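The values are calculated or read from the model by the stated rules, or taken from the named source; none is laboratory data. These figures come from a predicted structure and were not determined experimentally. Reconstructed Cβ throughout: ideal geometry from the backbone, glycine too, with neighbour counts over all protein chains shown. The protein model used for the area step is the full one, side chains on, heavy atoms only, and it has no ligands, DNA or RNA in it. Shrake-Rupley method; radii C 1.70, N 1.55, O 1.52, S 1.80 Å.
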Amino acid sequence: MGYNVKRVLVDQGSSTDILFWEAFVRMKIPSNRLVPYTGTLIGFAGDQVVARGYADLETTFGQGSQMKTVTIRYLVVNAQSSYNILIGRPTLNKLGAIVSTSHLKVKYPLPNGDVGVLKVDQEVARKCYEDNPKARRRLYTAPAEKHIHSVELDPRMGQLDHRPTPAEDVKEVEVMEGRNVKIGTSLTPEDEERLVRVLKDNVSAFAWHSSDMPNIDPDFLCHKLAIFPRAKAVIQKRRKFGEEKRRAIAEETQKLVMPGHVREIQYPTWLANVVMVRKSSGKWRMCTDFTDLNKACPKDSYTLPNIDCLVDGASGYELLSFLDAFPGFNQIPMHPADEDKTAFIADQANFCYRVMLFGIKNAGATYQ
C-alpha cells in the first residue's frame, strides 16, 4: 500500500508482531483483511489485551539497495501506545536479523549477499519514551469481541503465597465426597461441564496432602550427590534459636516426618543447621544451610529450556494450562547412600532427608 510507517519498536522479548489499531485505521487497510483471532495477549505487566484480528501484510525494511520485503502476520490490537508497530521475534527470525543495542542498529542479510542496516532514530526514540504513558495502560475492547470479565484484585493478595494468583473470580465444585476444587466463573456452561467431568474422571491423579504423593521408584530415578573424593565432611556447630523459632522448627520437622520425607539419624558425618526465614504471611519457613555440602559437589550444567522458546511454543494457542508443581521435589527420592549426607539439626534430634530437597546443588538438573 506504500505507507511509510515510523515509530516502530523492535522488541526481542515479544513472541508476536503487533500492529496498533490507530495505525491500522490511518493506513486505510480494508477491514475485510482482518482474520478473526480468539486468543488474548498478556502484556509484561499482566495486562490482558483482546486482539481485533490478524492480517498478513507485506512489509519492506530499509531503503534503496538495502530493502528487504517479507510477509508479516500482525496481530491488530486496540491499546494505548506511543508506537505504531511492534516487531517481535517471528519477524526478526524471518529477516535473519541481528539486533545490537549497543550500536543501536539492526542488520539482516539481503538476497544478493550484502547486508542491510537499519539505524535507530534517537530523537524519535526519546519522543516515544516520553509519550508512553507511565501509568498502567488503559485497555480497549472492541464491542464485537469476546467479553472479558474485569476483576479488582485486593493488593494484599499474593502476599500470603508466591504461587500464581487466579486472574478472575473462582468458585468451588465438588469432584468427590469431601474434596473440592476451584474453577473460574467465566467458563461457559459447556466448558465448565467438560472440565468438571475431566476432574472427576481423574480425581485419583490429585494429591490432597503431602502423604498422598507417591514417590518415584528409586530404580527409575533418584538424586545422587557427586561429592569430590577429597572433600572433608563438615559438621556445623549448633546454632541457638529463640523459643518462637524453636516451636516453628518442631512444627516444620513434624510436617516432614509424617509423610516420611525425613528420618531420624545417629552418628552423621555431614550435619547442617536450619535457617528460619520469615514469610510475608508472618509464618516461618524452615530452610537448611547446605553451603558446605554444596561446595563439595561439582556443578551439573544441565541444559535448561530457554524461556523464549517456551513462550514461542505456546504462542498462537487459545488455551494454556499451568502446572503448579512446587512440591514436586518431594516425589524424587534421595539415593540411599547419600541420605545421611543431608542431615540437619532439629531441636529434638538430628534428621536426614529421604527425598530430594529444594536448595541442594543440582536438584534443578535432576528435576528437569
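Details
- 3J(HN,Hα) along the stretch 57-73, derived from phi through the Karplus expression 6.51 cos²θ - 1.76 cosθ + 1.60 where θ = phi - 60°, amounts to 10, 6, 10, 9, 9, x, 9, x, 6, 9, 6, 9, 10, 9, 8, 10, 8 Hz, with x in place of Gly and Pro.
- What the stretch 249-354 shows is 60 Å² of accessible area per residue, with the surface traced by a 1.4 Å probe over protein heavy atoms.
- E172-R238 pseudo-label distance in nm [points 7 Å out on the Cα-to-Cβ vector]: 4.3
- Within the stretch 326-368, chymotrypsin sites (Phe, Trp or Tyr not before Pro) in DSSP loop having at most 16 other beta-carbon neighbours inside 10 Å: F358
- Based on protein heavy atoms only, the stretch 5-116 ends up with 54 Å² per residue of surface accessible to a 1.4 Å probe.
- When each of K200/K224; K182/K299; K28/K94; K224/K283 is checked by Cα-Cα distance, pairs over 30 Å: K200/K224; K182/K299; K224/K283
- Percent accessible area from carbon and sulfur atoms, the stretch 164-319, protein chains only, probe 1.4 Å: 51
- Ranking by accessible area, most exposed first, for H209, H103, H223 with a 1.4 Å probe: H103, H209, H223
- Accessible surface, 1.4 Å probe, highest first, among residues T269, T101, T253, T59: T101, T269, T59, T253
- Accessible surface, 1.4 Å probe, highest first, among residues K279, K237: K237, K279
- Area of S15 that stays accessible when all protein chains are in place (1.4 Å probe, Å², to 10): 30
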